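Structure record follows, encoded as structure tokens.
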Amino acid sequence: MSAQETGAAPEAGVGPTGRRLKVLLVGKSCPDRGGIPTFLEMLRGGALAERHDVRLLNVAHSGVREGGRFTTGNIGRTISDALAVRRNARRADVVHIHSALAPAVTVIRAGLLALAGRSRGCSVVVHAHGGNIQTWLTTPVRRMIMRLAMAPAHSVVAVWTAGEDALRAVLPAGKVRLVDNGVPLENVPEPEAPHDPPRILYVGLLTPRKGVLDLVEASRILRERGAEHELRLLGGAPDEGPEAEAAVRDNLPPWVTLLGTRDPADMPAEYAAADVFSLPSWWEAMPLSVLEAMAGGLPVVATDVGDVARAVDDGVTGRVVPVQDPQRLADALEPLVRDVAARRAMGAAGRRRVEERFAADVTARNLDRLYQELDHRKR
């Protein structure tokens, strides 16, 4: 699939902190699934699109996934996408590029897209969504690659504190800022009546690095303890290719239900149809699925990676457990599987926490402020 431009239909009016700007979002959207596509759809359909003229340049592609690898296919797609950015940036004030920003292939690609936007005189923002930046930026060569690749960008946005710290240590002062992820709160249905047996829901790519097999092992432990439940996995193919997905699918026991993928608009109903949410990833930044589950009134059991512990108040809105520890994961899930009142109380507390700190409107206001600052500098 070639890069595709799609437009939003923003409401009339000017943003509250300055003039109305033409914003070109650049990133992988539908048919891709995951955090970045979900985030892009939120920006296109929410408060940011009410304040600015927002368009999306969709750089998702069809075919075998080759994420993070130096291949002829990735090189060709990067050149094609950079040219598409340059074409579409003629009508933009801001080019806002969304990337995992690790490993090297992804960093270089984001830098070339940023250069294409900069060549049109636009303000350029690179939004770093990947949760392993701080573990990747560990050698002088990698730090040099990051500095050179991000030179065309006016600002680099991190969505979690460790990523912010890692990028600040490498990039010039004032270039990096933290903008928390947020999720929409409109049209979120109330959770369904408690299910018997209760349903544990996982939402994410089907790859071992997301801890799916750790969750399966925790489910097995729960069954051995007599804590009956259903385990439901919702997600599709990861960027690293079919081998990673096969490593999950080939090791699933018969009691696990695969739900496939869903459009973002259908996700609230999936959360409403669950009782507990679990994301036992090996690394994350600020996972949208955790925030979406909390917005839907679910208790969350997740690993202590990225800024999960900033979102999940351990013992209040859910539980935060160590990485790759199915026993501790099972220990945290068991009381919620057995006690309807406990999971309902934690779910309600999670909804309040998202309303206060991680709503989509807050994210939009912070991005609007950044855009206006960059626009003011140009003037």
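Remarks
- Selection of first residues in the stretch 150-165 that are farther than 18 Å from Val308 by Cα and of second residues that are part of a helix (DSSP H, G or I), restricted to Cβ pairs under 6 Å at least 6 apart or on distinct chains, gives the following pairs, ordered by first then second residue: Pro152/Ala114; Pro152/Leu115; Pro152/Arg118; Ala153/Ala114; His154/Leu374; Val156/Leu167.
- Helices (runs of 4 or more DSSP H) contained entirely in the stretch 90-161, each with at least 3 residues that are surrounded by 24 or more Cβ atoms within 10 Å (Cβ to Cβ) and of a type outside the set (Val, Ile, Thr): 104-118
- Each residue in the stretch 306-320 was checked for being within 12 Å of Gly350 (Cα to Cα) and assigned to a loop (DSSP other than H, G, I, E, B), and 5 of them qualify.
- When the residues of the stretch 224-260 are filtered to those that are within 18 Å of Pro280 (Cα to Cα) and of a type in the set (Lys, Arg), the one that is surrounded by the most Cβ atoms within 10 Å (Cβ to Cβ) is Arg232.
- Filter pass, Ser62 being in the same structural domain as Gly131 (by TED's automatic domain parsing), of a type outside the set (D, E, K, R), surrounded by fewer than 18 Cβ atoms within 10 Å (Cβ to Cβ) and modelled with pLDDT under 95: yes
- Being modelled with pLDDT under 95, more than 25 Å from Asp180 (Cβ to Cβ), assigned by TED's automatic domain parsing to the domain that holds Gly174 and surrounded by fewer than 17 Cβ atoms within 10 Å (Cβ to Cβ) is a property that holds for Gly73.
The values are calculated or read from the model by the stated rules, or taken from the named source; none is laboratory data. Predicted model only: the values in this text are computed from it and were never measured. Positions of Cβ are generated from backbone atoms using ideal geometry, with glycine treated the same way; all protein chains shown enter the neighbour counts.
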